[in-house]
Amino acid sequence: MPEIDFITALGRLLRDGNLRDAYAAQPDTVAFRLDLRPDDRPAFRQLVPEDVEFQARILLRKRFDLLRRLLPDTDRRLGEKAWPLFQGYARVNWPAEPRATLRDAFQFCQLLRQQQPSLVSQSEWNRLRFALSEKNLAIYGQLRGEVDGIVRPRVQIFYRGRSRRWGEFSFSLRL
Amino acid sequence: MNIGLGYRRELDAWIGSQPPDMDCLELTAEHFFPGDGETLARLAKKFQLYVHGLGLSLGTPGPLDPQRLDQFARVVRLANPEWISDHIAFTRTVEADLGHLNPVPPTRAMLRVIADHAREVSERCQKPILLENITSHLQLTGDLSETDFLNQLCERADCGLLLDVTNLFINSRNHGYDAPQWLHAIEPGRITQLHIVGYSRAGERYTDSHSQPIQEELIELAQAVVRHAPVKAITLEWDEDFPATPVLELEIAKLKRIRAGN
């Protein structure tokens, strides 16, 4: 495996909470394990673990803010638990490109659904599933779809055009 | 010296009213990546524009992301700004996009990386480029002091400095150094534009939430910069919890005080 530079090593620390814990306990061991270039090792070893953790939290907060825009209903359901739950998930999970934010939202919702499905808005979950798929058309029905606090049967229709951009049409049924 | 603010869609109505005393707007390039040439043309008719990047990741060793550079250059072409800018930072590594600005060590090797990237962006866009200091909660060490690093970087890249006064203040408080002393170690002729917004606090640390009115000590520091350097523009950088018009007008009045220098 080739040696890595300081920026790559710092990037790994910032996106991996377990690596930060290991670095806080044994910085020399982590520098050796990462196979850091010898010229970059002194600067790496001078990183203060608390400062690295603080910077990492700033990055997590940026990710969290992006997810909240994609998942407003889920965010509302989670309330004050949203940020600690996200931190628990995101500290050791970094989404891969492309469409990293969508993947991040999907993986976070997937985890929440395993714990308590009602925490995740079904409409938002459907939207994520379609956006990450290659499908041209999908129709999802919910018996208890919620819009603006009103619960009704709901249908979501997703479509994707030739440009690969997708759209959504949805309606609720008044029974 | 021009006075203005960072363009945000949330402030569009107020900006559209052409507030008196506002000469310029700084556009964040990434906010216009999907298109929106009409907005750019409309704004260019009313204000002097500058284009500011968040994600070129000038501090990442290796080639610049060609797609991002294309998108950035397209926005520059549409806006035709007086100058362009991005940060002395990295936002991605060869392995992942970190989504936000991270500090770089003040080393000669890093100086070459950023200077070469800055020259490439400037040549591609056919515009002068400014480089901006960031808030850093990490105090990185290298073979140069931060001020020597910045002076040599500006010389090698043949560029100006976008001095974020708030970031300078925050770093000086968090890392325990004297901001005016730091300022006087910077080559004044390089300081072309200032960013400013109020700082925030998170426990013992000072942070840049970009959502607070400018505090008095920041005004004093910015006035010291204006007395030290031939600054051409000051822009307010408000990004969250956007205030009502009277608060914005007060903030612009503070920029006028800074311009006056005393």
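Taken together, the values in this text are just the output of simple stated rules run on the coordinates, not laboratory data. These numbers were taken from a predicted model, which means no experiment stands behind them. Note: ideal-geometry Cβ built from the backbone for every residue, glycine included; neighbour counts use all protein chains shown.
Based on what the data block shows, is A:T29 buried (at least 19 other Cβ atoms within 10 Å of the Cβ), free of Cβ contacts under 8 Å to residues at least 12 places away in the same chain and over 19 Å from the mean Cα position of the chain (by Cα)? Considered against the rule, which asks whether it is buried (at least 19 other Cβ atoms within 10 Å of the Cβ), free of Cβ contacts under 8 Å to residues at least 12 places away in the same chain and over 19 Å from the mean Cα position of the chain (by Cα), A:T29 comes out as no.
Whenever a residue of the range A:129-152 is part of a loop (DSSP other than H, G, I, E, B), its partners that are of a type outside the set (A, V, I, L, M, F, W, C), lying with C-beta atoms within less than 8 angstrom and at least six residues away or across chains, give the pairs A:K135/A:R160; A:N136/A:Y159; A:N136/A:R160. If you go through the range A:112-135 and keep only what is surrounded by fewer than 13 Cβ atoms within 10 Å (Cβ to Cβ), of a type in the set (S, T, N, Q) and closer than 18 Å to A:R165 by Cα, you end up with just A:S133.
Given the condition within 11 Å of chain B (Cβ to nearest Cβ), more than 24 Å from B:L58 (Cβ to Cβ) and among the basic types (K, R), answer yes or no: does some residue in the range A:20-37 qualify? No, every residue in the range A:20-37 fails to be within 11 Å of chain B (Cβ to nearest Cβ), more than 24 Å from B:L58 (Cβ to Cβ) and among the basic types (K, R). Contact annotation: residue pairs with Cβ atoms under 7 Å, 6 or more positions apart or on different chains, pairing a residue in the range B:1-15 that is farther than 16 Å from B:A29 by Cα with a partner that is surrounded by fewer than 20 Cβ atoms within 10 Å (Cβ to Cβ) and among the β-branched types (V, I, T), are B:I3/B:I252; B:W14/B:T245. With respect to being over 18 Å from B:R92 (Cβ atoms) and within 11 Å of chain B (Cβ to nearest Cβ), A:F54 fits the description. Restricting the range A:1-19 to residues that are of a type outside the set (S, T, Y) and free of Cβ contacts under 8 Å to residues at least 12 places away in the same chain, the residue that is nearest to the other protein chains (Cβ to nearest Cβ) is A:G11. Of the helices (runs of 4 or more DSSP H) entirely within the range A:1-77, those holding at least 3 residues that are in contact with a Ser or Thr (Cβ under 8 Å, 6 or more places away or on another chain) occupy A:6-15, A:49-70.
Against the test of being among the charged types (D, E, K, R), within 16 Å of the chain's Cα centre (by Cα), more than 14 Å from every other protein chain (Cβ to nearest Cβ) and farther than 16 Å from A:G17 by Cα, the options A:R99, A:R69, A:R76, A:R113 yield a single qualifying residue, A:R113.
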